[in-house]
Each structure stands twice: as structure tokens, then as C-alpha cells.
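Following: one structure in C-alpha cells, then a few remarks.
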Amino acid sequence: MRILLVCYGSFLMMFSVLIGSAFCQLQSPMPIAFSSDVNGNWEIYLTDTAGRQPINLTHSPAADYYPTWSPDNTQIAFFSRRDGNHEIYMMQSDGTHQHRLTHHPATDKAPSWSPDGTRLAFTSNRGGHFDIYLLHLTNGEVERLTETPFEDEAPSWSPDGNALVFHSKRELNWDIYVVDVHSRVERRLTHQPLMDTYAAWSPDGTRIVYAAMHREVELADFDLYIMDAADGGNKTALTETPTDEAVPAWAPDGESIAFQFEKDGRWVIHLMRADGSERRELIDNGAWAAQPKWHSSLDALPVEPFGLQIQVWGRIRTR
């Protein structure tokens, strides 16, 4: 009987490997940018969902964080301390032509690229506290979008480009809000006594994923939740672990979510299906790895890192 059980277990393991291999062959790798301090300094890296060896894109002695792709995937915006304070920067998707976009003594951080490619939403305390601003890329004009006595942070665009979702400490607790970029009318989507943060819209515009601290304060940790974008209804937990999950990002096909996960006192990067299933680890480099952002479409991505041969990642197949 024991031999039979061992053989049966071996068969199941081999079958699982074969199924996993077939699944990987059916799905081409999808590019992901992220931040890490694996070299002793925070830089922007590029990998893919197959776990390709990450490529350092920024190569800066200062800290670089929070990548966001342009809609045509030719450029990546991020924020950096390389000029003494946090400012918004831009580079080509191969890491070349890095240049500064904002010039202010305050902190400018957490950029998010508009779907039409003309604006970057970002967080800044240039008005005395953190609000959401828009940087118009055609002329460099900066427009203040929110103005409250509390903190508004981490904006993320709706797929139609008409609204931004963000987290705010409006009533002395972090909750998720949406602001219309034309009328500036705001609506609140979460109303719980603990923190809700780092929201991101689904590609079809119907749902929002976010990180919520949902347990008792002394045991509180962040898990990922999903809700209806229209009114915050149908809130559903996607994860439930004793450590934190945060900063989720939706794949362009709407089927997967990348996020940062607390492991051994640091962040690593995990992937899962949009329903919370088939979770797996993507990046654990022995250091901190955080803020994953998907390539914005299912097109091919050429990568030409400094000092390395050209790598061309194949076209992602749609189903």
C-alpha cells in the first residue's frame, strides 16, 4: 500500500509539472517593471512573468521608485531623489534618455500615466500637504486636482481617462476615493475604521483592487480586496494571510494581478489570478522588491539594456 501511495503521489507530481509546463507554453511571458534595492540602492528593474533575470534600467546612485508605463510602452515614468529631493523623471523603456520632468523643492512622487499619454498624475506636497496633481506633458504645465487639509496619495487612472482613484486621509483614516478630472467631483468608495490604500482600476473599468487593513488593530495586516468601481459595492477579499499584501497592479488583459508581499521582514513580488487563485512568487532576490507595474498592452517589448545584447520579448498572445 505504501508503495502504491508513493507511486500515486509521484504520478500526481509529474502530472502537475506537465500541466504547469503546458500552461506556461500557452501563455507568453508578460513584461513587468518594479523597484528593488538588490544592489544596495533602489533602482527600476524589468522582468517578465516567466521570471526572466531582471534588468537594471536606471543605474543611478540615488534612489529610483514607482515605475509607470506610457500607453504606447515606449517610456517609463518614475520618481527619484537623484537631484536632492523627490522629483518625477522619465526614460525610454530600455533605460536610456533619463530626464527630469518636475522642478520643485517639495516632494513629487507616485506618477501614473493617463491612458491618452498626455498627462501624468502624481502626488505632491508643494501646497503644504499631499494632493493629486496633473503634469501636462505637452507643455510642462502642472495642474492641482485635489485640495484638502489632509493627505491625497497614489493616484491611478480609470481606463477611459476621465477619473482617478486614490487613497486619502480625509477623515483621519485612509480610505479610497475617486475624483472626476473634468468636474473635480469626488466620491468615497470605502468606509471602514482601518486603512484602505493603493487602489488600481481593472482594464475594463468595472472593478478596483486595493489593499485593506481589515483585522483588529493589534493584529492588523493588509490584504487585497476587490470592489465595484461604480459605487464600492461587492467588496471581496482576494488574499488572507498573516502578513501584508499591498500595491496591486492589474495585468492589461484583466486576468492577473501583481503585488508586493511581506516576507521575512521585506517585500517580494507575487502574482495571482484576478480572483485570488493560482498565486505564485515572481521576485525574491534576497532584498526588497516592490511596486510592480505591468507593461501597458499585449504587444511585443524590445529591451536594450545598457551594456547587454538586445533582448526581444515575443508578442503576447491574446485568448
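Just so you know, all these numbers are worked out from the coordinates, no wet-lab data involved. All values reported here derive from a predicted model rather than from experimental measurement. Using ideal geometry, Cβ is built from the backbone for each residue, glycine included, and neighbour counts are taken over all protein chains shown.
This table checks each residue for (1) closer than 25 Å to residue 42 by Cβ; (2) surrounded by 19 or more Cβ atoms within 10 Å (Cβ to Cβ).
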residue: 228; (1), (2): no, no
residue: 238; (1), (2): no, yes
residue: 258; (1), (2): yes, yes
residue: 263; (1), (2): yes, no
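When 124, 112, 156, 202 are checked against the criterion of being touching a residue at least 60 places away in the same chain (Cβ under 8 Å) and surrounded by 13 or more Cβ atoms within 10 Å (Cβ to Cβ), a single residue qualifies: 202.
Restricting attention to the range 83-133 and to residues that are under 18 Å from the mean Cα position of the chain (by Cα) and aromatic (Phe, Trp, Tyr), the residue that is nearest to residue 249 (Cα to Cα) turns out to be 113. Selection of the range 205-228 for residues being closer than 20 Å to residue 193 by Cβ and outside any strand (DSSP E or B) yields 214, 215, 216, 217, 218, 219, 220, 221. Using the structure shown, decide if residue 94 is surrounded by fewer than 17 Cβ atoms within 10 Å (Cβ to Cβ), of a type in the set (D, E, K, R) and in a loop (DSSP other than H, G, I, E, B). Criteria not met by residue 94.
Does residue 287 satisfy the criteria of being without any contact (Cβ under 8 Å) to a residue 40 or more places away in the chain, farther than 20 Å from residue 76 by Cβ, in a loop (DSSP other than H, G, I, E, B) and hydrophobic (A, V, I, L, M, F, W, C)? So residue 287 does not fit the description; no.
Checking 126, 119 one by one, the residue that is charged (D, E, K, R) and either touching a Phe, Trp or Tyr at 6+ places or on another chain (Cβ under 7 Å) or within 17 Å of residue 66 (Cα to Cα) (or both) is 119 and no other.
Considering the range 141-159, and only residues there that are assigned to a loop (DSSP other than H, G, I, E, B) and within 21 Å of the chain's Cα centre (by Cα), the residue that is farthest from residue 231 (Cα to Cα) turns out to be 151. If the condition is being part of a loop (DSSP other than H, G, I, E, B), within 18 Å of the chain's Cα centre (by Cα) and over 18 Å from residue 48 (Cβ atoms), then the range 229-253 contributes 229, 238, 239, 244. Taken over the range 31-76, the residue count meeting the criterion of being small (Gly, Ala, Ser), closer than 13 Å to residue 95 by Cα and surrounded by fewer than 24 Cβ atoms within 10 Å (Cβ to Cβ) is 1.
Provide a single number: the residues in the range 48-103 that are without any contact (Cβ under 8 Å) to a residue 12 or more places away in the chain and over 24 Å from residue 269 (Cβ atoms). Residues in the range 48-103 being without any contact (Cβ under 8 Å) to a residue 12 or more places away in the chain and over 24 Å from residue 269 (Cβ atoms): 3 in total. Scanning the range 240-250 for residues that are of a type in the set (D, E, K, R) and either surrounded by 13 or more Cβ atoms within 10 Å (Cβ to Cβ) or within 14 Å of residue 200 (Cβ to Cβ) (or both) turns up 244, 245. Scanning the range 160-180 for residues that are in a strand (DSSP E or B) and among the charged types (D, E, K, R) turns up 175, 180.
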